[in-house]
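Structure first, commentary second.
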């Protein structure tokens, strides 16, 4: 549900008022910057995606129509912009043998010990394809069918990418644990 | 034998209760499955909790960047549209100027034929005294009675008689006497209107025929075959089309991993003028379409970025018909026609979702040996250099399209290209 303040800001931005647009930006930019950082490898890339995302948000603002949460709508637009940015970039091919890495359960407690920055670093270190699918499935909550439609891949490929992403993350977390010990 | 059977039967067959650890075994199996699944859930949950609602610091100049980008976008559109319009306008003015130059050249030629008439009046006077017909006199042949008509000579006898006299009798320098006499004669020639059609000017017969407006008056079209050698750089756009839905993953993988690079082509062709404005060009082209294959190799030691080059080498025979818009030194020709593709040789590798190692383009890419007939269009700008033994510099942007796919018809993924580029070269007439 939108607060009155948010509604006023959105109305002002729709009328082209720069002050309202700027306040809207300041309200949602930190959240959307975090989204961009998850989808990008570097801070510079994340800043470029954030800039493009906000341009798109203001261009598409008339289509929002006050349906649902503005934060959710803006987040979805930002994710789409991030995906489009990486659709032209390189794709990853894994070396054979990755499937042979035994799936270790991993202690759930170990995951909970990880801080935000560590989690972000782990995600950013993933290859592009794995990072996109893991973000979309594990964090954004899209289904494999929806991910397949968004990325133009088969549902089975989405499952496969997620599995491989988890393996890589588990191995990296174990490496971190070993280093910590 | 039966003893052995009895032995095993007695040892094993008398067991009445099933193994007590089957339940435990089943529990262990279930637990392992649940543990794996729960580990996944735990991993996902850890990342979701930690990152979903996270906020991050925003660069202080981000708002300014957004405002500037939003302001520049419409300005950029207007500037682009204006640039395109200016380019079209410049091309139109250039075209107009070229045709005007050709008309001016033809006009200058016509003026040049008239200029020598004045000095010839003086010379004609000398000729008349010597008894030879003068062109000016021939042109304005009076029909005054008593005029002596000789072949081309129609000067009134009185004027003629006076010419030969004063120069000798007056003591004036010969030239001074001649000039005024020539002027009198010229004025008389102008006043004496011919009663019958005047004979054509001798000067017109001596000069070459003026070409019609808009043609290269100074440089008549060369006959015979001209040779052109061109070298060009090109950009090839790779497009994948699905023949079956199963190839969707392959298409995605190839689109993500292959990127166009600049290619090149070398052309040797002969051209022949079919008419004033039409020319035919045919020859051979060796072209190379280049792509970069880029992917990351994951190993236990880390990630390695791999970059390799793919290429499609082609031998083609273009046959182009050109329409020329000539100028003084600059000549523009619009060419179009088929390109017969004779040979395609792929080289390199590509990624396939079902294989962990890249596959070879030549053996596994399903490429055709040749792609049949394509289409080419180009705009040649020719600039003539030198006067005594001239040669022509050529600048030729071009565009090529291939309707057929480069891959076999049965291939699940059809690969198509179009190519654009620019060629530079020289043209020389074979003598």
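The values are calculated or read from the model by the stated rules, or taken from the named source; none is laboratory data. Since the model is a prediction, treat every value here as computed from it, not as a measurement. Cβ: placed from backbone, ideal geometry, glycine included. Neighbour counts: every protein chain shown.
Summary of values
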{"item": "Residue that is nearest to the other protein chains (Cβ to nearest Cβ) [pool: residues in segment A:146-162 that are within 20 Å of residue B:355 (Cβ to Cβ) and part of a helix (DSSP H, G or I)]", "result": "A:157"}
{"item": "Hits in segment A:70-82 (condition: within 13 Å of chain B (Cβ to nearest Cβ), surrounded by fewer than 18 Cβ atoms within 10 Å (Cβ to Cβ) and in contact with a helix residue (DSSP H, G or I) (Cβ under 9 Å, 6 or more places away or on another chain))", "result": "A:71"}
{"item": "Failed criterion for residue A:66 (all others in (1) more than 10 Å from every other protein chain (Cβ to nearest Cβ); (2) at pLDDT 90 or above hold)", "result": "(2)"}
{"item": "Residue B:302 within 14 Å of chain A (Cβ to nearest Cβ) and either touching a helix residue (DSSP H, G or I) at 6+ places or on another chain (Cβ under 8 Å) or at pLDDT below 90 (or both)", "result": "yes"}
{"item": "Test result for residue B:336, at pLDDT below 90 and over 17 Å from residue B:289 (Cβ atoms)", "result": "no"}
{"item": "Residue that is nearest to the other protein chains (Cβ to nearest Cβ), among those in segment A:127-145 that are surrounded by fewer than 17 Cβ atoms within 10 Å (Cβ to Cβ) and within 15 Å of the chain's Cα centre (by Cα)", "result": "A:141"}
{"item": "Residue in segment A:105-121 that is modelled with the highest pLDDT, counting only those that are within 8 Å of chain B (Cβ to nearest Cβ) and surrounded by fewer than 20 Cβ atoms within 10 Å (Cβ to Cβ)", "result": "A:120"}
{"item": "Scope segment A:14-26; condition within 12 Å of chain B (Cβ to nearest Cβ) and either surrounded by fewer than 16 Cβ atoms within 10 Å (Cβ to Cβ) or closer than 16 Å to residue B:70 by Cα (or both); matching residues", "result": "A:16, A:18, A:19, A:21, A:22, A:24, A:25, A:26"}
{"item": "Residue check for residue B:223: at pLDDT below 90, in a loop (DSSP other than H, G, I, E, B) and in contact with a strand residue (DSSP E or B) (Cβ under 8 Å, 6 or more places away or on another chain)", "result": "yes"}
{"item": "Matching residues, segment B:329-353, being in a strand (DSSP E or B) and either within 14 Å of chain A (Cβ to nearest Cβ) or free of Cβ contacts under 8 Å to residues at least 24 places away in the same chain (or both)", "result": "B:349, B:350"}
{"item": "Residue that is outside any helix (DSSP H, G or I), at pLDDT 85 or above and under 23 Å from residue B:56 (Cα atoms), where the choices are A:132, A:136, A:126", "result": "A:126"}
{"item": "Where residue B:387 falls short, out of the listed (1) part of a strand (DSSP E or B); (2) closer than 22 Å to residue B:272 by Cα", "result": "(1)"}
{"item": "Unmet requirement for residue B:425, which otherwise passes all of (1) surrounded by 16 or more Cβ atoms within 10 Å (Cβ to Cβ); (2) closer than 21 Å to residue B:348 by Cα", "result": "(2)"}
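Residue by residue, here is whether (1) in a helix (DSSP H, G or I); (2) more than 9 Å from chain A (Cβ to nearest Cβ); (3) more than 28 Å from residue A:162 (Cα to Cα); (4) at pLDDT below 70 holds:
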residue: B:25; (1), (2), (3), (4): yes, yes, yes, no
residue: B:48; (1), (2), (3), (4): yes, no, no, no
residue: B:54; (1), (2), (3), (4): no, no, no, no
residue: B:59; (1), (2), (3), (4): no, no, yes, no
residue: B:64; (1), (2), (3), (4): yes, yes, yes, no
residue: B:67; (1), (2), (3), (4): yes, no, yes, no
residue: B:75; (1), (2), (3), (4): yes, yes, yes, yes
residue: B:91; (1), (2), (3), (4): yes, yes, yes, yes
residue: B:96; (1), (2), (3), (4): yes, yes, yes, yes
